Amino acid sequence: MSALTEKVGPATRSGTKSLESLARQIRYNILVATTQAASGHPTSSLSAVDLMTGLMFGGAFRYAVDDPGNPNNDRLIFSKGHASPLYYALWAAGGQIPQDELLSYRRFGSVLEGHPTPALRFVEAATGSLGQGLSIGLGMALNAKHLDRLSYRTYVLLGDSEMTEGSQWEAIAIAAHYALDNLIGVLDVNRLGQRGETLLGHDPAAYQRRISAFGWETILIDGHSFPEILAAYERAANTSGRPTMIIARTLKGKGVPEVEDKDGWHGKTLDKTQLKQALQSLGDVDRSVRGTIPKPEDRKPDRSVPEAAPALNYDRTRQVATRVAYGNALRRLYPQFPQMVSLDGEVSNSTMAEVLREDCPARFFEMYIAEQNMVGVALGLSRRGKIPFVSTFAAFMTRAFDQIRMAQYSEANIKFVGSHAGVSIGEDGPSQMGLEDIAMFRTILDSVVLQPCDAISTEKLVEEAARHVGIVYLRTLRQKTPILYPADEAFPIGGCKVLRMSREDAVTLVGSGATVHEALEACNTLKTAGIAVRVIDAYSIKPLDAITLQSAARETGLVLTVEDHFAEGGLGEAVLSALSSVGVPVHSLAVRKKPRSGKPEELRAFEGISARDITARVKELRHGSA
C-alpha cells in the first residue's frame, strides 16, 4: 500500500485501560439519558463512542475547558448531529456537565437539545441537518491557517449516511484545494442508516478510494480499537499539506448486544427493561472516572487594528451599478472592519467582489460554484470571529437555503450579497434572475433584508451590514442607476427615504432598488397630469420603517408598492403587513408572469413594473376612488 492509503495497524498505547473505562461510562450515560427522554439516537451515538473518547481524552485534542472561547482551542463539530447524546456524555466524562444534568436531555429549557446548538457553551455550531458540519469545520480550519495564523486543529465527526450529500464533496474538494492539513474528518462507517443499509454499507475502502481521489490523506481503522484510533490521530497530526480523513469501520449500537449492528433501531430508545439488560452487558461502570484534556498553546491571533475608512467619492453626474458600489465598499471599508472576509462563488467579476480580491487577496477566498459549501464555510469563519461577506447571483442563493436556515441557529454573523436581482438583468433570462430571494431571507429569524437603489446607499448599507451583528441580506443590481443621494446621507437599518412629498399627494408609491427609479419617473409624469404622489425608497425591507409608511398611508389614503421580485413574500407583502391596522388600501405591482429574455426595459414593461405601468395604475386607482 502507498503512504496515502495504508491501513493503520494495531499499536501499543499506554492509557487504553482508562479510555475503555471512560467509554463504558459514556455508553452508560448515552443509554440512560435517551431512555429517560424516551427519544434520541442511542445506537448512532454508541458506534462513535470509542472514536470520540480516543480523540478527546487520548491526548490529541487540546482545549481549555474553562475557556471555550479561547482562540487556540481545537474545534470539534458533530456533523452527525443526531449523535448528540454522545457529545453531551463526552463533556460529562470531562467533568464539564454534571452527570445528573444528562437526565434533562431533550427537555424544554435544557441546553442539552435534541441536536447540538450553541445553547451549550462547548458547541461550535448548530448541526443536525446532515451534510453541513464538514463545511463549517473547513471555515474554522481556513481561519486558523490563513487568517488568525494559529495552530489549532478542527475535527469533524461524520456519519456514513450523510456522505451522499453533495455539500460533503464540495467541502472535500475545497479543503484539498486550500491544503488544510489542520482539518481532520472522522467518518463513522457503521453501515446502517435510518431505514436500512447505507449506500456503501460496510465498505470503508470504497470511501477511501473516493476521498483520497480528491487529494486527502486517508486512514482506515477499526473504530473500536483504541490502539488504532490513537495511532490515526497521531498520524493525522503529523500530516502536512493536505486534510486527513480517518475512515473507521464501526458497529451501530456497539456495546449493547441486543441492538448491535441490527437494523430498525435508528432513532429508537430502549425501554426500562431493555435498558436494565443493556447496562448489565456493559459490565462494571465507574461513574466517577474523569477524562483530562491537555491545554492548547497560548498564542495571539494575527489581528489588525481598525482604521477609519476613507470618505465616499462618486461623480454624481455618472450612473453606477449598485453591484459595482458593493465591490468598492468592500475595498473602502476593510480597514475599518479588519475582521471582514469575502467569499464568492466564482462570479466575483459579476458581483464585483473581485475589487477586494485584487486589492487584498488575503481577505478573499474563492469558493467556486459550490454555494452550499460557501455558506457553511462562512458560518465557520463567523463562529471564529470573522465578518464574512458571501456573494453570488441572488438566484443561486436558493441552492444554499438549508445552510442559511441552519446558520440562524448558530448565532451567525454573516452578510449575504445577491447580485443580478430581478428581471432587470435582461437578456440572460429567468435562470439567472433573483426573484425569490427577498422572500427567502425574510423568513430567516431576526434577519435584515436591504436593497439599495444607488451607489451611495449601497456603500452606506454595506457599512451598516458590517456593523450589524447577525444575518444580513443585501440585494444588488446589474444595471447602472443614477446617484440620488449625497455622500453624507445616513441609511440606518430599519429606515426608508421619502424622495417626493407634498400636502397634495394622492397616492404613496413604495419602491426598492430598480423600481425606485421607475417610481420617480412615474412621479414626474403624473405631476404633468396634475396628480401628486409621494415616493418612498424602502431600502430596508426587513425591518421595515412601519411608522413612516403608516403616516404616508394615512396622509395619502392609497398605497402602491412596486418591486422587481415575485409578489409572494416580497416588498408588497411586507408593506401590506405593516399597514394591516391602518385601514388604507394597499396595491402591488410585482413580477407575476414567467420571465423571459429581453432588454431590461422590455422585461419591466412585460411584467407591469415600469414607470408607464405605475403611471397607468395610479390613474386607474385614482379614477376608481373618485
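Bear in mind that the values in this text are calculations on the coordinates, not laboratory data. From a predicted model like this one, the values you see are computed outputs, not experimental measurements. When we count neighbours, we look across all protein chains shown, and the Cβ atoms used for this are built from the backbone with ideal geometry, even at glycine.
Data table
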| quantity | calculated |
| --- | --- |
| Protection proxy ranking of 531-542, 604-615 - average other beta-carbon atoms within 10 Å, highest first | 531-542, 604-615 |
| Full-stretch length increase - K276, S581 - with 0.36 nm per residue and alpha-carbon distance subtracted | 103.8 nm |
| Percent of C-alpha pairs per 10 Å bin, segment 497-625, short to long | 14, 49, 32, 5, 0 |
| Ordering of 379-386, 293-300 by burial proxy (mean other Cβ atoms within 10 Å per residue, highest first) | 379-386, 293-300 |
| Anchor K295: aspartates and glutamates whose Cα lies under 16 Å away (excluding residues fewer than 8 positions away in-chain) | D66, D67, D74 |
| Over segment 164-232, relative contact order from alpha-carbon pairs under 8 Å, at least 6 apart, % | 24 |
| Ratio Rg/Rh, restricted to segment 110-160 and using Cα atoms, in which Rh is the Kirkwood radius | 1.02 |
| Helix 611-625 axis, angle to the chain major axis (alpha carbon atoms, nearest 10°) | 70 |
| Qualifying lysines (Cα of each under 24 Å from Cα of K300; at least 8 residues distant if same chain) | K145, K386 |
| Calculated from backbone phi, Karplus (6.51, -1.76, 1.60) coupling profile of segment 353-360 in Hz, x at Gly/Pro | 5, 4, 4, 6, 4, 6, 7, 9 |
| Kirkwood-based shape ratio for segment 16-282, expressed as Rg/Rh from alpha carbons | 0.94 |
| Interchain or long-range residues, amide H under 5 Å from V341's placed H | I387, F389 |
| Share of alpha-carbon pairs per 10 Å distance bin for the chain, given as whole % | 3, 16, 23, 20, 15, 12, 7, 2, 0, 0 |
| Globularity index of segment 561-601, i.e. its alpha-carbon radius of gyration over 2.2 N^0.38 Å | 1.38 |
| Calculated FRET efficiency for the pair A487/R596, C-beta based, R₀ 35 Å, to 0.05 | 0.35 |
| Over the chain: helical MRE at 222 nm, DSSP H runs n ≥ 4 each giving -39500 (n - 2.57), nearest 500 | -10500 deg cm²/dmol |
| Antiparallel bridges, percent of DSSP beta bridges restricted to the chain (to nearest 5) | 10 |
| Those aspartates and glutamates that a straight Cα-Cα span of less than 17 Å connects to K268, excepting residues fewer than 8 apart in one chain | E113, E197, E258, E260 |
| Simple label model, 7 Å out from Cα along Cβ direction - S431 to E620, nm | 3.3 |
| q = 0.12, 0.14, 0.21 Å⁻¹, segment 320-481: log10 I(q)/I(0) [Debye, one scatterer per Cα] | -0.42, -0.59, -1.50 |
| Residues V469 and T443, FRET efficiency given R0 of 25 Å [Cβ-Cβ distance, rounded to 0.05] | 0.80 |
| Tilt relative to the chain, helix 84-93 - C-alpha long axis, 0 to 90 degrees, to 10 | 60 |
| Packing-based order for 36-49, 312-325, using average beta carbon neighbours within 10 Å, highest first | 36-49, 312-325 |
| Relative contact order, percent, the chain [alpha-carbon distance under 8 Å, six or more residues apart] | 12 |
| Antiparallel bridge percentage (DSSP; both residues within segment 320-481; nearest 5) | 10 |
| FRET efficiency estimate (nearest 0.05) - Cβ-Cβ, R405 to K268, R0 25 angstrom | 0.40 |
